[in-house]
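Below is one structure, written out as structure tokens, with a few remarks after it.
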Amino acid sequence: MQVSGYRDGPAIRVAGLGKRFGDRVAFEDMSFEVGYGEVFGFLGPNGAGKTTTVRTLGTLVVPTSGSATVAGLPLTSDNEVEIRRRIAIMPESPGLYLRLSVAENLQCFADLYEVPDGPGRIDQALQAVDLTGRAQDVCGALSKGLRQRVALARVLLSDPEVLFLDEPTAGLDPVATLDVYELIDGLRRRGVTIFLTTHRLEEAERLCDRVAILNTTLRAVGPPAQLRDRLFAKTLTVRTVVPLADPDALFTGLPAVEGWRRDGSASYVLIVSDPTHAAPSVTRALVAAGADVLSVGESRHSLEDVYLQLIDQRSESGTP
Amino acid sequence: MRAIRRKEFREYRRNGNLVFATAILPLIFLIQPVIQVFTLPTSASMTLRHEHSLVYMLAIPVLVPAVLASYAVVGERVQGTLEPVLTTPVRPEELLLGKAMAAFVPSVFVAYAVFALFVAIVEFFARAAVASAVIQGPDLLAQLLFTPLLASWSIWVGIAISARSSDPRTATQISVLMSLPTVAVTTLIALNVIPATLGIAVGFGAALLVLVLVGWRVVSVIFDPERLITNTK
């Protein structure tokens, strides 16, 4: 479904959104935007408010503060049905009618979405998740991974503009996981906005244009590389065969090096502003000093480092 | 609504427990009066004329939908299917009406079918005097009119209980238990303890109609998607 006329703004806009269940804060003061066609990762520990956020944006839970726009529509009770027409949500649990066949499950949801050409859409959705041959199988007899794929097929039926996927690869084997990654890439190419909740940081790093890290409040939003740069100083790691005689004299004399520390007996971490510029001059200085250089390389921080750093900061500050 | 109804019918057919419960109750309410009618001597026909044996069978449209409706919401919750359904454009009211219709149609069909079978058995195989004492015109009319009303009331009670329960079996037990006062009323009318006058019938019908409408409103309020999905409030 590609309805024109409301795609000028972002696919999702959240401003100061919050949800409380009595005294318990599920999430609060959340603000971010997701553009059309973007794959947006939503990361956080258990109880951080990821699922409640998805449910709130999916009109299942009423926010207690703030505002949001989903698929071009303000998140209000009047717009609930129309928003649900434009989005699809795959919850963490596949939620299939286990006594019904795969095709019957999909038919039920095609009817609920009032999908034109239901049988055709069901075939396409089954092909997309490689389940054409299992259409008549009863869902209760399927493995967890296959059920997950049926749930994926279900959210593809209505051709949504915004797709919320909650742990879509949970329980899938590596091959099936790769299939899901390809599916998400394909949806991205078609302009579908994907809001991906995941615990797999490598998955977020691989699939997402930007990620948000939260722990009831939003800790950071941005492309993984930008978050790395923001949180961690750029460093070079230097390894030599034997320890340097006077590393301080060597490294502090280099203009490209802002600081250094030892990281093992013959390993040094140099803080630099531009690794590409600093690496050649460091190598030249080491050779000139007669050091036997094993390696000079840029230190890489993964999204996991970013995640742990942010969550640790949160824990240290004592905020829930 | 049609999508929900179609899905519900498919699920009913493949849910052995539900099929058994739906079948066993009408059988009990068919076999017991049949045996009674066939063991009665002709002289008992005078006593039977003062009773309303057919009204006794109104327990079927009370109990069968109670069993079916009690599964409506809690069954979805236990399977984890309620959340995916509520993420579709279907409105909660449409979902409830679809589920109510899915319980209503088979319940009324079973009630009428069992009733027709009973009347046919009595008409063709019972002693003529007994048959004419049992099959009375006003009772037939009462059966026809009260069956859908009783079924509707029972369905809203069942769905209300289902929306507040977390276990399907508990929901069924409470739902059947909650139906017993209505069964007691129909039984008392059948035994002529409550006189089956036109006034009583009209009053009973009006009260049921009001209860059905109130039941629908109450169920609409009880069915809170946020509470059902998040287990809060």
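When the chain is fully extended, how far beyond the present Cα-Cα distance does A:T276 get from A:T217, taking 0.36 nm per residue of separation? It would help to have the intermediate numbers written out before the result.
Values: separation 59, 0.36 × 59 = 21.24 nm, distance 3.58 nm.
Full-extension gain reported as 17.7 nm.
Between the Cα long axis of helix A:174-189 and the first principal axis of chain A there is an angle of about 80°, rounded to the nearest 10.
In plain terms, the chain from A:D229 to A:V293 could stretch by 20.4 nm, reckoned as 0.36 nm per residue minus the Cα-Cα distance. Computed over the stretch B:43-196, the range of Cα coordinates on each principal axis works out to 63, 25, 21 Å, biggest value leading.
Legend: helices of chain B (whole DSSP H runs) are marked when their alpha-carbon atoms reach 30 angstrom or more along the helix axis and their mean Kyte-Doolittle hydropathy is at least 0.0; marked are B:16-39, B:92-125, B:137-164, B:168-190, B:198-222. Put simply, the stretch B:1-49 fits an ellipsoid with semi-axes of 39, 13, 5 Å; these come from the alpha carbon gyration tensor as the roots of five times its eigenvalues, largest first. Dipole magnitude for the stretch A:1-137: about 280 debye, using +1 per Lys or Arg Cβ and -1 per Asp or Glu Cβ, origin at the Cα centre.
Relative to the compact-globule scaling 2.2 N^0.38 Å, provide the ratio for the alpha-carbon radius of gyration of the stretch A:11-113.
Values: Rg = 15.1 Å, N = 103, 2.2 N^0.38 = 12.8 Å.
Normalised Cα radius of gyration, the stretch A:11-113: 1.18.
Overall, the stretch A:173-309 carries a charge dipole of about 320 debye about its Cα centre when +1 sits on the Cβ of Lys and Arg and -1 on the Cβ of Asp and Glu, all other atoms neutral.
In peptide A:85-97, how many Cβ atoms from other protein chains are near each Cβ within 10 Å, on average? Mind dumping the intermediate values first?
Working: counts 2, 1, 2, 3, 5, 2, 7, 2, 5, 3, 9, 4, 10.
Per-residue shielding by partner chains comes out at 4.
If the Kirkwood radius is taken over C-alpha pairs of the stretch A:193-320, then at 4 °C and 1.567 mPa s the Stokes-Einstein diffusion coefficient equals 78 µm²/s. Shown here is the pair-distance distribution of chain A: with all Cα-Cα distances grouped in 10 Å bins from zero up to the longest one, the shares run 6, 23, 25, 20, 13, 9, 4, 1 percent.
Secondary structure note: in the protein assembly as shown, about 65% of the DSSP beta bridges are antiparallel. Charge dipole of the protein assembly as shown (Cα centre as origin; +1 on each Lys and Arg Cβ, -1 on each Asp and Glu Cβ, all else neutral): 1340 debye, rounded to the nearest 20. Antiparallel beta bridges, as assigned by DSSP with both residues in chain A, represent about 65 percent of the total such bridges. When both the stretch B:180-200 and the stretch A:186-251 are represented by their alpha-carbon centers, they are found 75 Å apart. If R0 is taken as 45 Å, the Cβ-Cβ distance between B:A23 and B:E93 corresponds to a FRET efficiency of 0.90. Neighbour counts of C-beta atoms inside 10 Å place A:H277, A:H301, A:H199 in the sequence A:H277, A:H199, A:H301, starting with the fewest. Note that the stretch A:241-281 shows a convex hull volume over its alpha carbon atoms of 72 Å³ per residue. Kindly count the pairs of lysines across the protein assembly as shown whose alpha carbons are less than 23 Å apart, treating pairs on different chains or eight or more residues apart as eligible. Here the count comes out as 6. Highest mean packing first, where packing is the average number of other Cβ atoms within 10 Å per residue, the peptides A:33-40, B:178-185, B:119-126 line up as A:33-40, B:178-185, B:119-126. Return the tail of the calculated pair distribution for the protein assembly as shown, meaning the percent of Cα-Cα pairs more than 35 Å apart. Cα-Cα pairs of the protein assembly as shown separated by over 35 Å account for 53 percent.
Taking beta carbons within 10 Å but only from partner chains, what does the mean come to for residues A:154-167? Show your work: numbers first, answer last.
Working: counts 3, 2, 0, 1, 2, 0, 0, 0, 0, 0, 1, 0, 1, 0.
Counting Cβ atoms of other protein chains within 10 Å of each residue's Cβ and averaging gives 1.
In the protein assembly as shown, a dipole from Cβ-located charges (positive for Lys and Arg, negative for Asp and Glu) runs towards its positive end, and of A:I83, B:A207, A:G35 it is B:A207 whose Cα lies farthest in that direction.
Would you mind ranking B:V85, B:V73 by Cβ crowding within 10 Å, fewest neighbours first? Mind dumping the intermediate values first?
On the way: B:V85 20, B:V73 27.
Starting with the residue having the fewest Cβ neighbours, the order is B:V85, B:V73.
What the Cβ-Cβ distance of A:A249 and A:S143 gives, at R0 = 56 Å and to the nearest 0.05, is a FRET efficiency of 0.35.
Just want to confirm a number: the relative contact order over chain A, from Cα pairs under 8 angstrom separated by 6+ residues, in percent. Mind showing how you got there, number by number?
Working: 586 pairs, mean separation 59.0, N = 320.
RCO, chain A: 18 percent.
Shielding by partners for peptide B:76-86, expressed as the average number of C-beta atoms from other protein chains within 10 Å of each residue's C-beta, is 6. Computed from Cα atoms, the angle from the helix A:144-156 axis to the main principal axis of chain A rounds to 70 degrees. Kirkwood radius, the stretch A:214-278, all distinct C-alpha pairs, inverse of mean reciprocal distance: 13.7 Å. At full extension, B:T47 and B:L177 could sit 43.7 nm farther apart than now, given 0.36 nm per residue minus the alpha carbon distance.
Rule-based calculations on the coordinates, nothing more; no lab input. None of the values given here were measured: they were computed from a predicted structure. Heads up, the Cβs are rebuilt from the backbone with ideal geometry, glycines too, and the neighbour counts pull from every protein chain shown.
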